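Structure first, commentary second.
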Amino acid sequence: MIAALRAELRKVATTRSWWLLALVMGAYMLTMAVIMAGSFILAMRQAEEAGQPADISGGLGGDGAAVLDATTVATSVYTLAVALGYIFPAILGALAVTTEFRHRTITPTLLAEPRRGLVLGAKLVAVIPFAIVVALAGVVGTVVGGAVTLALFDEPTLLGDPEIQGVIGRQVLALVLWALVGVGFGSVLTNQVAAIVVLLAFTQFVEPLLRILLAQFEATEAASKFLPGAAGEAIAGSSLYVSSGLAALLEVWQGALVLLAYAVVLVLIGRVTTFRRDIG
Amino acid sequence: MVDVPVAPVPSPSADPSPESALDPAEGVVVVTGLTKRFGPVLAVDDLTFAVQPGRVTGFLGPNGAGKTTTLRLLLGLARPNAGTATIGGRPYADRRQPARHVGAALEASSFHPGRTARDHLRAYAPQLGVPDRRADEVLAQVGLADAAERRVGGFSTGMRQRLALAAALLGDPQVLLLDEPANGLDPEGIAWLRQFLRWLAAQGRTVLVSSHVLSEVEQTVDDVVIIARGRLVHASSLAGLEALARPAVRIVSPDATGLASLVDVQGWAPVTRFAGPGEATVFDHRAAEVGAAAFARGLELHELATADTSLEALFLQLTADPEPGMPPPPVQPFAPLPGQGVVP
């Protein structure tokens, strides 16, 4: 297992994709955090002038929509990494498998270690340190962009608040779990382009839409908590969706288990499909 | 394997590798009744052959004959529908660190273009249990020492072939299975590869080299295994294959009856099956004898030619697609190529 792990670590380390993903995620989250913080500040200022409390949802959410206060603004902005950026670690994880098929290096990989389950397991573990780097880049980008913007407009950054710190820190765990989901997804859908397109479509379009739709009905609202994106946000403990009053989240530990379950189920499916078939 | 200079390959006598360290029984490759079906296509059809250590064996057949599939079955990358494939008596995947025993180069494109040559090899070093410096050793062995830090994406086909070979050598394996290793190599590279493979075999290693062109490996191989349409058509030493190539003379006369009676009188065993009337191919005789006999009978000849008895012609005939409804052609050194006029 150690040898297989070292091999997989080297495979990721010797390509550029992991730090490119970290770089792009950091820059993207920084930009989004600046825009989001700016929008909240603008909304608060306008509401102040009108003499009424600002509502975060803009009419989209239900009754639970939070009033825009310092805590809501800070948590909403600081959790953008897990709410919007989880596509990056997911792609990182998927690439760990799909590049092997795209460049047909799966052949030498399985020649070096014919125990295919071991190879897949090693990939799962090897992706973690790189996922941590990508996650940190995203979280740091989010917090820096958000805090600097808030500070510039003399709004409280709340970075000293232990609860806020916990929310920020737990995003790293959520994003790392997303990388594991990515490995599982890549092992099920080995076509690299297809895997990235489906991941993008699901995380950026399908799931947000599903969450809004499911939240509209009492019967389905509970189900929306178990969507992978919602589970990821549950780990952080808050998100833009919650502040908007769209849906409640699971407990932190429940969220972690649900996201981990997605990863495990996908990896198992990949094991009995892709990794059982003839190679080449 | 240490202290191996870059090309030119040292002569076998200067070989530092201890031959006695290799157990010949561990080097025998055995394929028995191997069958692999892809949907309606029988890619490998009840294939049986053995490959001996200390020799270079050519694994030959036209494109699509099932060579690569056979190698993949040998390496545990694909599962056969029937039959077994073992190396040293065991299936590939049953070994721990199998790449230390069997080195394979299946395609010259199994690289991540963004990785350097050295990084590509080092990615596999931990699982093979070899030190990282082994990567530089094998790169030097295949003449890629200067390209170690270059990204593989910028490599020529020939360089990729060499890197694939380096990857196969990484575990210093006793058995080498190489799929079309000469593809994309320049003539100099091919000459180098020949020497290199001979050198490896001289150390007692088993070297199996696939090719769709016999002439490419003719000067390198000791043994040949020829397959076509997934089936074995010939397996022997190269000398055994050469023995099949009998001398033959092709004659053409405007007087078909005269020609037939000449053949009759002389007691020749002509082959006219593939020829039109007035044509014959005479085996085991020289052009001078055939010409003299025709002259003595006053038979007008329009053509008198020594038939192509090259191994390549024989190979083409052995592996040729049989005509629909016809049995496979008998082993003869002379047959029309596909597309030429054939009169059954």
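The values are calculated or read from the model by the stated rules, or taken from the named source; none is laboratory data. Quick caveat: nothing in here was measured; it's all calculated off a predicted structure. Cβ sites come from the backbone with ideal geometry, for glycine too, and all protein chains shown count toward neighbours. For accessibility, only protein heavy atoms count, side chains too; no ligands or nucleic acids. Shrake-Rupley method; radii C 1.70, N 1.55, O 1.52, S 1.80 Å.
A few comments on the model shown:
- Within segment B:131-142, the set of residues being touching a helix residue (DSSP H, G or I) at 6+ places or on another chain (Cβ under 8 Å), surrounded by fewer than 20 Cβ atoms within 10 Å (Cβ to Cβ) and not charged (D, E, K, R) comprises B:131 only.
- Flag if residue A:121 is open to solvent by 20 Å² or more (accessible area, probe 1.4 Å) and in a helix (DSSP H, G or I): yes
- Listing of strands (runs of 3 or more DSSP E) fully contained in segment B:196-255 that carry 3 or more residues being surrounded by 22 or more Cβ atoms within 10 Å (Cβ to Cβ) and touching a strand residue (DSSP E or B) at 6+ places or on another chain (Cβ under 6 Å): B:206-211, B:223-228, B:248-252
- The set of residues in segment B:117-128 being more than 7 Å from chain A (Cβ to nearest Cβ) and farther than 25 Å from residue B:209 by Cα is empty.
- Matching residues, segment A:138-156, being within 19 Å of the chain's Cα centre (by Cα) and either farther than 28 Å from residue A:20 by Cβ or open to solvent by less than 30 Å² (accessible area, probe 1.4 Å) (or both): A:138, A:139, A:141, A:142, A:143, A:145, A:146
- Residue B:50 being at pLDDT 95 or above, open to solvent by 30 Å² or more (accessible area, probe 1.4 Å), in the same structural domain as residue B:214 (by TED's automatic domain parsing) and not polar (S, T, N, Q): yes
- Residue count, segment A:157-180 (criterion: open to solvent by 10 Å² or more (accessible area, probe 1.4 Å) and among the small types (Gly, Ala, Ser)): 3
- Screening residue A:210 with (1) open to solvent by less than 50 Å² (accessible area, probe 1.4 Å); (2) in contact with a Ser or Thr (Cβ under 8 Å, 6 or more places away or on another chain); (3) not acidic (Asp, Glu) gives one miss only, at (1).
- Scanning segment A:110-129 for residues that are more than 19 Å from residue A:273 (Cβ to Cβ), at the interface with chain B (Cβ under 9 Å from one of its Cβ atoms) and free of Cβ contacts under 8 Å to residues at least 60 places away in the same chain gives a single hit, A:111.
- Flag if residue A:255 is out of contact with any Gly (no Cβ under 9 Å at 6 or more places or on another chain), more than 14 Å from chain B (Cβ to nearest Cβ) and crowded, with 21+ Cβ neighbours inside 10 Å: no
- Leading residue by the ranking (nearest to residue B:167 (Cα to Cα)) among those in segment A:84-109 that are away from chain B (no Cβ under 12 Å) and surrounded by fewer than 24 Cβ atoms within 10 Å (Cβ to Cβ): A:87
- Unique match (being open to solvent by 20 Å² or more (accessible area, probe 1.4 Å) and over 26 Å from residue A:115 (Cα atoms)) among B:100, B:160: B:160
- Residue match in segment A:168-189 (condition: at pLDDT 95 or above and not in a helix (DSSP H, G or I)): yes
- Conditions (1) at the interface with chain A (Cβ under 10 Å from one of its Cβ atoms); (2) open to solvent by 20 Å² or more (accessible area, probe 1.4 Å): number failed by residue B:154: (1)
Residues checked against (1) touching a helix residue (DSSP H, G or I) at 6+ places or on another chain (Cβ under 9 Å); (2) at pLDDT 95 or above; (3) within 28 Å of residue B:138 (Cα to Cα):
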site: B:29; (1), (2), (3): yes, yes, yes
site: B:55; (1), (2), (3): yes, yes, yes
site: B:70; (1), (2), (3): no, yes, yes
site: B:104; (1), (2), (3): yes, yes, yes
site: B:109; (1), (2), (3): yes, no, yes
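- Test set (1) under 22 Å from residue A:193 (Cα atoms); (2) in a helix (DSSP H, G or I) - residue A:144 fails condition number: (1)
- Residues (of a type in the set (A, V, I, L, M, F, W, C) and under 19 Å from residue B:207 (Cα atoms)) located in segment B:97-133: B:99, B:102, B:104, B:105, B:106, B:108
- Residues located in segment B:73-92, provided they are open to solvent by 50 Å² or more (accessible area, probe 1.4 Å) and either within 8 Å of chain A (Cβ to nearest Cβ) or within 30 Å of residue B:156 (Cβ to Cβ) (or both): B:79
- Of the numbered criteria (1) open to solvent by 10 Å² or more (accessible area, probe 1.4 Å); (2) more than 10 Å from chain A (Cβ to nearest Cβ), the one residue B:70 fails is (1).
- Selection from segment B:166-177 of residues that are of a type in the set (A, V, I, L, M) and open to solvent by 10 Å² or more (accessible area, probe 1.4 Å): B:167
- Only one of the listed residues (B:256, B:245, B:235, B:201) is touching a residue at least 60 places away in the same chain (Cβ under 8 Å), closer than 20 Å to residue B:307 by Cβ and of a type outside the set (Phe, Trp, Tyr). That residue is B:245.
- Residue match in segment A:235-245 (condition: buried (at least 19 other Cβ atoms within 10 Å of the Cβ) and at pLDDT 90 or above): yes
- Looking only at residues in segment A:18-34 that are in contact with a Ser or Thr (Cβ under 9 Å, 6 or more places away or on another chain) and open to solvent by 40 Å² or more (accessible area, probe 1.4 Å), the one that is farthest from the other protein chains (Cβ to nearest Cβ) is A:34.
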